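Colleague: Here it is, the structure in full.
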Amino acid sequence: MKGELKIVTWNCNGALRKKFEFLSRLEADIYIVQECEDPERAKDSKYKVWAKNYLWIGDNKNKGLGIFATGAIELQDLKWETDGLKYFLPYRVNNNFNLIAVWTKSNNSISFRYIGQFWKYLQIHREHMNDCVILGDFNSNKIWDENHSICNHSNVVKELEDIGIFSFYHHQFGMPQGAEMHPTFYMQRNRNKPYHIDYLFVPTEVGKRITNFEIGHVDEWLEKSDHLPIQFRM
């Protein structure tokens with residue numbers, strides 16, 4: 001990879017048009033944002049200007065998955081088959097490396113909800129994913145393994161490790177899955193309901209180059225969203 005980029009992933013909990021200026025204080029090169037509006041159909045002119053270099057997918061124009069970059073960065077949609085799974089947006093950055101933005105949904109599936117959506121996506125694209133940076137809101141944690149069958153959180157983590165991809169947070173802090181000390185989500189913005197459900201998965205060699213990994217502070221971000229941002233440089 002050439003040069004250093006600052007990347008942020010954040011579920012904005014809707015209405016990014018009212019929050020993008022606050023988010024921009026992080027001064028990132030690339031923002032992956034869940035639950036954001038489609039800039040093409042948005043009415044807010046300032047938001048449209050801010051989002052001039054972007055990719056976006058979603059069924060609801062007000063709540064989709066977006067990737068927003070500074071003007072100097074080239075985003076190439078890889079257009080991988082999704083088979084109706086929600087939501088995954090793979091793209092190539094500056095013709096240099098591949099990144100997959102994630103926002104898993106229930107997708108009206110009983111057996112393959114949330115992490116099950118990613119498990120199925122992994123089965124389809126496993127051969128393409130061993131050199132990808134994968135990040136976003138997975139809506140998943142090992143503590144809910146019993147709610148899933150073969151497609152549970154622990155099995156997904158193992159399958160990723162089998163192709164050389166690991167969770168950077170767990171490696172960096174030496175913590176096992178399901179025992180995280182740093183929440184990324186507060187259900188209903190309740191400080192008594194903390195969970196770790198947002199992740200950065202990276203190939204081993206890429207992980208060695210990551211610096212300045214941070215999870216946003218609850219006092220700063222909870223007013224804006226039920227999720228905290230993850231930011232890092234690579």
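The values are calculated or read from the model by the stated rules, or taken from the named source; none is laboratory data. This is a predicted model, so every value here is computed, not measured. No Cβ is skipped: glycine too gets one built from the backbone with ideal geometry, and neighbour counts run over all protein chains shown.
Colleague: If the requirement is being touching a Leu at 6+ places or on another chain (Cβ under 8 Å) and either surrounded by 15 or more Cβ atoms within 10 Å (Cβ to Cβ) or more than 24 Å from VAL218 (Cα to Cα) (or both), which of these qualifies: THR82, THR104, THR184?
Modeller: Numbers: THR82 fails: touching a Leu at 6+ places or on another chain (Cβ under 8 Å); THR104 fails: touching a Leu at 6+ places or on another chain (Cβ under 8 Å).
After applying the criteria, what remains is THR184.
Colleague: Moving on. Does PHE118 meet the test of being closer than 25 Å to HIS196 by Cβ, part of a loop (DSSP other than H, G, I, E, B) and either out of contact with any Leu (no Cβ under 9 Å at 6 or more places or on another chain) or not small (Gly, Ala, Ser) (or both)?
Modeller: Values: closer than 25 Å to HIS196 by Cβ: yes; part of a loop (DSSP other than H, G, I, E, B): no; either out of contact with any Leu (no Cβ under 9 Å at 6 or more places or on another chain) or not small (Gly, Ala, Ser) (or both): yes.
Criteria not met by PHE118.
Colleague: To continue, here is another question. Residue by residue through the range 189-198, note down the ones that are assigned to a strand (DSSP E or B) and surrounded by fewer than 24 Cβ atoms within 10 Å (Cβ to Cβ). Talk me through it step by step, then tell me what you get.
Modeller: Pass one, the range 189-198, residues assigned to a strand (DSSP E or B): 194-195, 198.
PRO194, TYR195 - these are the residues of the range 189-198 that are assigned to a strand (DSSP E or B) and surrounded by fewer than 24 Cβ atoms within 10 Å (Cβ to Cβ).
Colleague: Could you check how many residues of the range 58-71 are in contact with a helix residue (DSSP H, G or I) (Cβ under 9 Å, 6 or more places away or on another chain) and either loosely packed, with under 12 Cβ neighbours inside 10 Å or part of a strand (DSSP E or B) (or both)?
Modeller: Summing the residues that are in contact with a helix residue (DSSP H, G or I) (Cβ under 9 Å, 6 or more places away or on another chain) and either loosely packed, with under 12 Cβ neighbours inside 10 Å or part of a strand (DSSP E or B) (or both) in the range 58-71 gives 2.
Colleague: Give me a count of the residues in the range 143-162 that are modelled with pLDDT of 95 or more, β-branched (Val, Ile, Thr) and surrounded by fewer than 16 Cβ atoms within 10 Å (Cβ to Cβ).
Modeller: First, the residues of the range 143-162 that are modelled with pLDDT of 95 or more: 143-145, 152-162.
Right, trim to β-branched (Val, Ile, Thr) and you get 143, 156-157.
Those still in the list that are surrounded by fewer than 16 Cβ atoms within 10 Å (Cβ to Cβ) too: 143.
Counting residues in the range 143-162 that are modelled with pLDDT of 95 or more, β-branched (Val, Ile, Thr) and surrounded by fewer than 16 Cβ atoms within 10 Å (Cβ to Cβ) gives 1.
Colleague: Only one of (1) modelled with pLDDT of 95 or more; (2) surrounded by fewer than 15 Cβ atoms within 10 Å (Cβ to Cβ) is not met by SER225, so which one is it?
Modeller: Tallying (1) modelled with pLDDT of 95 or more; (2) surrounded by fewer than 15 Cβ atoms within 10 Å (Cβ to Cβ), SER225 fails exactly one: (2).
Colleague: Pairs, please: C-beta under 7 Å, at least 6 apart or cross-chain, first residue under 19 Å from ARG41 (Cα atoms) and in contact (Cβ under 8 Å) with a residue 24 or more places away in the chain and in the range 15-26, second of a type in the set (A, V, I, L, M) and assigned to a loop (DSSP other than H, G, I, E, B)?
Modeller: ARG17/ALA42
The rows are residues; the columns are (1) under 18 Å from LEU200 (Cβ atoms); (2) modelled with pLDDT of 95 or more; (3) outside any loop (DSSP other than H, G, I, E, B).
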site	(1), (2), (3)
LEU23	yes, yes, yes
ALA28	yes, yes, no
TYR31	yes, yes, yes
GLN34	yes, yes, yes
GLU40	no, yes, yes
LYS48	no, yes, yes
TRP56	no, yes, yes
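Colleague: Right, another one. Does VAL133 satisfy the criteria of being surrounded by 14 or more Cβ atoms within 10 Å (Cβ to Cβ), out of contact with any Ser or Thr (no Cβ under 6 Å at 6 or more places or on another chain), of a type in the set (Val, Ile, Thr) and in a helix (DSSP H, G or I)? Show your work before the answer.
Modeller: On the way: surrounded by 14 or more Cβ atoms within 10 Å (Cβ to Cβ): yes; out of contact with any Ser or Thr (no Cβ under 6 Å at 6 or more places or on another chain): yes; of a type in the set (Val, Ile, Thr): yes; in a helix (DSSP H, G or I): no.
No: the conditions fail for VAL133.
Colleague: Another question about this same structure. Does TYR31 meet the test of being of a type in the set (Ser, Thr, Tyr), surrounded by fewer than 21 Cβ atoms within 10 Å (Cβ to Cβ) and in contact with a helix residue (DSSP H, G or I) (Cβ under 9 Å, 6 or more places away or on another chain)? Outline the logic, then answer.
Modeller: Working: of a type in the set (Ser, Thr, Tyr): yes; surrounded by fewer than 21 Cβ atoms within 10 Å (Cβ to Cβ): no; in contact with a helix residue (DSSP H, G or I) (Cβ under 9 Å, 6 or more places away or on another chain): yes.
Against the criterion (of a type in the set (Ser, Thr, Tyr), surrounded by fewer than 21 Cβ atoms within 10 Å (Cβ to Cβ) and in contact with a helix residue (DSSP H, G or I) (Cβ under 9 Å, 6 or more places away or on another chain)), TYR31 does not qualify.
Colleague: Tell me which residues, restricted to the range 35-53, are among the small types (Gly, Ala, Ser) and under 21 Å from the mean Cα position of the chain (by Cα).
Modeller: Pass one, the range 35-53, residues among the small types (Gly, Ala, Ser): 42, 45, 51.
Selection gives ALA51 alone.
Colleague: Give me the residue from the range 107-125 that is farther than 25 Å from LEU5 by Cβ and at pLDDT 95 or above and, out of that set, surrounded by the fewest Cβ atoms within 10 Å (Cβ to Cβ).
Modeller: Keep residues of the range 107-125 that are farther than 25 Å from LEU5 by Cβ, which gives 107-117, 119-120, 123-124.
Then drop every residue that is not at pLDDT 95 or above, which leaves 114-117, 119-120, 123-124.
Working: TYR114: 23, ILE115: 26, GLY116: 25, GLN117: 28, TRP119: 22, LYS120: 19, GLN123: 11, ILE124: 15.
Among those residues, the one meeting the criterion is GLN123.
Colleague: Go through the range 72-92 and give me each residue that's at negative phi and part of a loop (DSSP other than H, G, I, E, B).
Modeller: If the condition is that a residue be at negative phi and part of a loop (DSSP other than H, G, I, E, B), then ALA72, ILE73, GLU74, LEU78, TRP80, GLU81, THR82, LEU85, LYS86, TYR87 are the ones that fit.
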